[in-house]
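Structure first, commentary second.
The values are calculated or read from the model by the stated rules, or taken from the named source; none is laboratory data. None of the values given here were measured: they were computed from a predicted structure. Here the Cβ positions follow ideal geometry from the backbone for every residue, glycine too, while neighbour counts run over all protein chains shown.
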Amino acid sequence: VSTLTAGGPAVLEERRRIARELHDVVGHNVSLMVIAAQALGSGADGEARHLGDSIASLGREAMAELATALEQLRPEADPAEGAPRPMLAALPSLVERARGAGIAIELRIEGTPRPLPDEVDLPAYRIVQEALTNVIRHAHARHASVRVAYRPDAVGIEVLDDGIGPTSPLPGHGLRGMAERAALAGGALSYGPGDAGGFRVTALLPTG
Ligand SMILES: Nc1ncnc2c1ncn2[C@@H]1O[C@H](COP(=O)(O)OP(=O)(O)OP(=O)(O)O)[C@@H](O)[C@H]1O
Ligand SMILES: [Mg+2]
């Protein structure tokens, strides 16, 4: 029994409730956004068409990832069905999409990449994803770097930007979720100002 399917009846019912809410709230609105973006893209030329199409494709990707996450929340699901796919290997396309927001982002891989256990691969990817989302939303940065270091017994992550740095002392869902993901993987995450300003997130996740 994986940790994803552990828990008594109350826990299972709570997970079904969360799955329903996520599906109905996020799924509904994102689907409508995809349809609106498609209409926008097909009725426009040039940059507007490109933006419409890329909003639609980001939305479809979000819906596919939501479906996978919901499968895992539902304990009766076949565990193989919604199994997380190797994700850290998809970092280049995550970074490429973030560049579309107008920030120069460097991706550096140190050590020799190797397949990671799902319990490390998914959190590693999600931590970089949310850190980049925060750079785009909050940092006012021109440059950012993503560094992933494959060490013999761990994988290290650093996301650093040259923006305004921390302004709020309070973490939101993003930073709390990142720290929870790192802790669940047996690792640790920290965040704060970079040595030369900006904002830095680092995580170290043991790979066993
Ligand atoms: N790269 C960054 N540069 C500057 N400030 C940041 C950066 N990343 C996070 N912050 C600050 O930390 C706060 C908390 O981030 P967190 O991701 O937890 O929440 P959020 O992005 O505001 O909302 P959400 O819960 O949707 O992620 C942000 O509101 C912002 O003030
Ligand atoms: Mg955030």
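Quick notes on this one:
- Unique match (being surrounded by 15 or more Cβ atoms within 10 Å (Cβ to Cβ), under 23 Å from Pro115 (Cβ atoms), of a type in the set (S, T, N, Q) and within 13 Å of ligand 1 (Cβ to nearest atom)) among Thr202, Thr207: Thr202
- Residue, nearest to ligand 1 (Cβ to nearest atom), within segment 144-165, restricted to residues that are loosely packed, with under 15 Cβ neighbours inside 10 Å and over 16 Å from Ala89 (Cα atoms): Ile164
- Only one entry in Tyr150, Tyr125 is among the aromatic types (Phe, Trp, Tyr), under 27 Å from Gly197 (Cα atoms) and at pLDDT 95 or above, namely Tyr150.
- 2 or more residues in contact (Cβ under 8 Å) with a residue 60 or more places away in the chain: qualifying helices (runs of 4 or more DSSP H) within segment 77-186: 118-134
- Residues in segment 92-104 include none that are modelled with pLDDT under 90 and of a type in the set (Asp, Glu).
- Hey, Ala196 touching an Asp or Glu at 6+ places or on another chain (Cβ under 9 Å), within 12 Å of ligand 1 (Cβ to nearest atom), touching a residue at least 24 places away in the same chain (Cβ under 8 Å) and not in a helix (DSSP H, G or I) or not: no
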